[in-house]
1. Can you list the HN-Hα couplings for the range 106-113, worked out from phi with the Karplus curve (6.51, -1.76, 1.60; θ = phi - 60°), rounded to whole Hz and with x for Gly and Pro?
2. Considering amide H positions built from the backbone, and no H for Pro or chain starts, which residues 5 or more places from ARG77, or on another chain, come under 5 Å of its amide H?
3. Which FRET efficiency value, to the nearest 0.05, do you get for VAL119 and SER94 by plugging their Cβ-Cβ distance into 1/(1 + (r/R0)^6) with R0 = 25 Å?
4. With every protein chain left in place, what is the accessible area of ASP40 in Å² (1.4 Å probe, nearest 10)?
5. Sticking with the crude label model, points 7 Å out along Cα→Cβ, report the distance from GLU208 to ALA317 in nm, one decimal please.
6. Using a cut-off of 10 Å between beta-carbons, work out the net charge of the residues near LEU259 (Lys and Arg +1, Asp and Glu -1, LEU259 not included).
7. Please give the solvent-accessible surface of GLU129 in Å², to the nearest 10, using a probe radius of 1.4 Å with every protein chain present.
8. Quick one: pull the percent of accessible area on the range 163-313 belonging to carbon and sulfur, 1.4 Å probe, ligands and nucleic acids left out.
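The values are calculated or read from the model by the stated rules, or taken from the named source; none is laboratory data. It should be emphasised that the depicted structure is a prediction, and the values quoted were computed from it without experimental measurement. Note: ideal-geometry Cβ built from the backbone for every residue, glycine included; neighbour counts use all protein chains shown. Surface areas here come from the heavy atoms of the whole protein model, side chains and all, with no ligands, DNA or RNA. Shrake-Rupley method; radii C 1.70, N 1.55, O 1.52, S 1.80 Å.
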Amino acid sequence: MRLARGAGPGARVALVGGAVRDALLGGAPLDLDVVVEGTDAGALAAATGLPFLVHPAFGNATVTLPDGRHADLVRARRESYPVPGANPVPAPGSLTDDLRRRDFGLNALALVVGPDGEVTLLDEVGGLEDLRARTLRPLHPRSFHEDASRLVRGARLAGRLDLGAHPELRRQVPDALEMAGRTPRLHAELRLLLGERRPGRAARVLEEWGAGSLLPGGAVERLEALDGRQDAGESVPEQAYAAALLSVAPDPPALAARLGLGEKPGALLARALSDAPASPGSPEAILRALLRPDAYPPLTGRDVVALGVPPGPAVGAALAHLATLRRGGQVRSREEERAALEAYLRNSPPPPQ
């Protein structure tokens, strides 16, 4: 209400998009997007008396609320796509223009707040009916052709909120697949998919919509398996999901680079595939159970010493021998390792005194 009072005569201030959607579904809005029409977003942010940051290049501002959340103030705009797949070109517009440029009907709802605190729901595109039906409907016939990342964003929402696909969405899936390679934002959306509460659920939605090819073969099953670990009460971090995705990629470093994953998921994957000790419940242990279900804790230097080998180079040689046997598939349990170690020690010359 403080924003609406400071907007001035003739201006409009509206909470839009996901915050309205989530509130109407009974959830707690986290991301607060506020569209302002007829006034300057930076000046409005300053007038609140709250901490704020202005983004001059876009004419937008971010206000820090007393509860620690952030509200992004953006000026109402229109958008066009001179080059499909590339970033849209914005132009000043009205609140109605701003709602009509959005991806799905249920994301195009607005709560207009008046200076007296009166709140009015604005539905320009039938988004409320979509919300009641829990369906995702693209707003434009060429929506996915212009921005293929909307398909992945839709799958994320569908997996998170249990939403269905409108026939128009399914009709546009081939458009998204055709444009995927020319839409860099799609890679950013795939990375965000890995940060969902249940990434496997969102990945399965993509496959059910006929867009499983956006992920490496086998990715859906591995991500769903990690969802199952979460459903069983385990904590599975985003890095573990990213590592699981890389585990089925033909070229893991290339995929990590495209999605902007950094080096940590690849390093985690390497540790999971190694024989290095992993604490129970750690990301390494969770991934190892998924990728190497027959893996077992290998013998350690302490086990070698317990069989009478004095600490020193002989212990390292014994462990190297066991590692060679493991890589060759000649031992498949701790018991087989122990038997192989005993045979190795019987046939090895005694260490020098």
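1. The phi angles translate into 6, 9, 10, 9, 9, 10, 7, 9 Hz.
2. Result for ARG77 returns GLY93, ASP98.
3. Working: r = 19 Å, r/R0 = 0.77.
The computed FRET efficiency comes out at 0.85.
4. 90 Å²
5. In this crude label model, GLU208 to ALA317 measures out at 6.1 nm.
6. On the way: positive: ARG191, ARG258; negative: GLU189.
Overall, the nearby charge balance is +1.
7. Number for this one is 110 Å².
8. Numbers: 4130 of 7470 Å².
Of the solvent-accessible surface of the range 163-313, carbon and sulfur hold 55 percent.
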